[in-house]
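Right, one structure below, let's go through it.
Rule-based calculations on the coordinates, nothing more; no lab input. In this text, all values refer to a predicted model and were calculated from it rather than measured experimentally. Heads up, the Cβs are rebuilt from the backbone with ideal geometry, glycines too, and the neighbour counts pull from every protein chain shown.
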Amino acid sequence: MGSNSVVDMIQASSKVHFSGFHVNGHVNGLAQKAVSKETISASGEIQRQPFVIGVAGGAASGKTTVCDMIIQQLHDQRVVLINQDSFYHSLTEEELARVHEYNFDHPDAFDTDHLLSCMEKLRQGEAVDIPKYDCKTYKSSVFRRVNPTDVIILEGILLFHDPRVRRLMNMKIFVCTDSDVRLERRIRRDTVENGRDVGTVLDQYSKFVKPAFDDFILPTKKYADIIIPRGEDNHVAVDLIVQHICTKLGQHDLCKIYPNLYVIHSTFQIRGMHTLIRDAQTTKHDFVFYSDRLIRLVVEHGLGHLPFTEKQVITPTGCVYSGVDFCKRLCGVSVIRSGESMENALRACCKGIKIGKILIHREGDNGQQLIYEKLPNDISERHVLLLDPILGTGNSAVEAINLLISKGVPEGNIVFLNLISAPQGVHVVCKKFPRIKIVTSEIDDGLNEEFRVIPGMGEFGDRYFGTDDD
């Protein structure tokens, strides 16, 4: 991933400092909209919604250059760049007469409703005409046609200001550059490209640009998932972002196809733990430790998909708190033996939970044979958390789920928890059981000729329980 120590990355605080850029660890981060639902067109066809990346920051911070670097590296994706500057309001004759008093850095300077309308059409699979704003005439006179695409990069100083625009984004990046550098770039740009004199540029900067940055732009930094210091000069940060985007795009595509697939919120801290447990040189002690941490995250996320009932309690201050009550009719079922590694995390989250067992033996590459099962007698009345850290071909999962359904468990009452999934296994399970929920922490590239997940992490049970060859 980078030159910095993975251990340092994992031990960092919730806002990770890694290779010169910051990753926001809040839940509204990278995967806030990772599970993007498909939409249905008037003709009844499924529309695959694009992956939307927002890039914000002060004027002349290097946003456009960062976008260009990302686009260049995403060469195998269909990507389009849309600038917020294209949606400036055309100035009236009265405003043109006093153009030097017009604040182009204020949120009201932008036609946000038009931006939202264009984005909605693109998300519905329709082509749109994006205006081109002329900075010399201060009007939009021509348009460019933008067709539906896989990835949309939105760029602008105030992209994160309107919550409606923020909700469109799967990833939010804030480019942070020193104010002196931004001023120097602005002077060079406005004098050379736009033909303005230095005095006018400095007057506009002091009256409008700097106050607007402090009042409107800088406060939106808190909404960013990733903060890049030094802008376009931070090549390490951009490279890492592109790697992460490629990972998320693969997950995003599957989540668009299957709305019952959930990939937990990804941070570089989680990616760091994956790096450790996938490393063939990691000791058994570290493998177990970081596997347990990831398993706990998956279990917690899985529990969030169970039904709940509203409940009011009285707090020690005598106030009423309106909350929720946990699902009571619950049990776990582990697929022996790797699935047993997930039992401790489940017990730690659910006191006294019943846990059943299923043993499935592989017969060749495609066949499975049920060897043993021991399940709660009343399992048909419970919601079931099915535990297996690896979803590979999906054959074992199908066998286990079929057994649960034969015992009377409704398909919609099953939540399948695993650490990593192969796309082939996701397709098999989701197509056969569209009402089951799958919760995973990462989707890998696929399967090798031996039907093992790659890049994978080897034989999970052997590494976890210490029965591998070493």
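Whole angstrom only: what separates the Cα centroid of the range 100-160 from the Cα centroid of the range 387-410?
Going from one Cα centre to the other spans 48 Å.
Counting other beta carbons within 10 Å of each Cβ, put 430, 246 in order, fewest first.
With the sparsest Cβ surroundings first, the list reads 246, 430.
Using the beta-carbon distance between residue 236 and residue 185 and R0 = 35 Å, what value does 1/(1 + (r/R0)^6) give for FRET efficiency, to the nearest 0.05?
0.95
Go through the range 219-229 residue by residue and turn each phi into a ³J(HN,Hα) via Karplus (6.51, -1.76, 1.60, θ = phi - 60°); whole Hz please, and just put x for glycine and proline.
x, 7, 4, 5, 7, 6, 7, 9, 10, 10, x
Residue by residue through the range 433-443, which ³J(HN,Hα) values in whole Hz follow from phi under the Karplus form 6.51 cos²θ - 1.76 cosθ + 1.60 (θ = phi - 60°), with glycine and proline marked x?
Each residue's phi maps through the Karplus curve to give 10, x, 9, 6, 9, 10, 10, 9, 9, 6, 9 Hz.
Rounded to two decimals, what is Rg over Rh for the chain when you use alpha-carbon atoms and the Kirkwood radius?
With Rg and the Kirkwood Rh in hand, the quotient comes to 1.04.
Note down the nm distance, to one decimal, between modelled labels 7 Å out along Cα→Cβ at residue 353 and at residue 101.
Between residue 353 and residue 101, the simple spin-label model gives 6.6 nm.
Given the C-alpha atoms of the range 258-465, compute the convex hull and give its volume per residue in Å³.
Roughly 141 Å³ of hull volume per residue.
Which value, in debye to the nearest 20, gives the size of the charge dipole of the range 108-147 about its Cα centre, when Lys and Arg are +1 and Asp and Glu are -1 at the Cβ?
260
Which one, 213, 65, 416, projects farthest toward the positive side of the charge dipole computed for the chain from Cβ point charges (K/R +1, D/E -1)?
416
Counting only complete DSSP H runs, which helices of the chain cover 27 Å or more along their long axis at the Cα atoms and score a mean Kyte-Doolittle of -1.0 or above?
Membrane-span-like by this rule: 235-257, 284-303.
Could I have the simple spin-label model distance between residue 136 and residue 452, label points 7 Å from Cα toward Cβ, reported in nm to one decimal?
Going from the residue 136 label point to the residue 452 one covers 6.4 nm.
Would you be so kind as to identify which of 314, 267, 288 lies farthest towards the positive end of the dipole of the range 228-320, taking Lys and Arg as +1 and Asp and Glu as -1 on Cβ and the Cα centre as origin?
314
Taking the Cα centre of the chain as origin and charging only Cβ (+1 Lys, Arg; -1 Asp, Glu), how large is the dipole, in debye to the nearest 20?
Dipole magnitude for the chain comes out near 1100 debye.
Rounded to whole Å, give me the distance from the Cα center of the range 315-357 to that of the range 431-470.
Computed from Cα coordinates, the inter-centre distance equals 24 Å.
Expressed in nm to one decimal, what extension gain is obtained for the pair residue 405 and residue 71 from 0.36 nm per residue of sequence separation less their Cα-Cα distance?
Full extension from residue 405 to residue 71 adds 115.6 nm.
Where nothing but the Cβ of Lys and Arg (+1) and of Asp and Glu (-1) is charged, how large is the charge dipole of the range 422-470 around its Cα centre, in debye to the nearest 20?
That gives the range 422-470 a dipole magnitude of about 680 debye.
Got a sec? How would 374, 132 order by Cβ neighbour count within 10 Å, fewest to most?
Placing the least packed residue first, the sequence is 374, 132.
Can you give the translational diffusion coefficient of the range 346-470 in µm²/s, computed by Stokes-Einstein from the Kirkwood radius over Cα pairs at 4 °C and 1.567 mPa s?
84
Using 0.36 nm per residue of separation minus the Cα-Cα distance, give me the extension gain between residue 202 and residue 315 in nm, one decimal.
35.0 nm
Would you work out which of 360, 119, 50 lies farthest towards the positive end of the dipole of the chain, given +1 charges on the beta-carbon of Lys and Arg and -1 on that of Asp and Glu, about the Cα centre?
After comparing all options, I get 360.
Could you list 338, 117 in order of exposure, starting from the residue whose Cβ has the fewest other Cβ atoms within 10 Å?
117, 338
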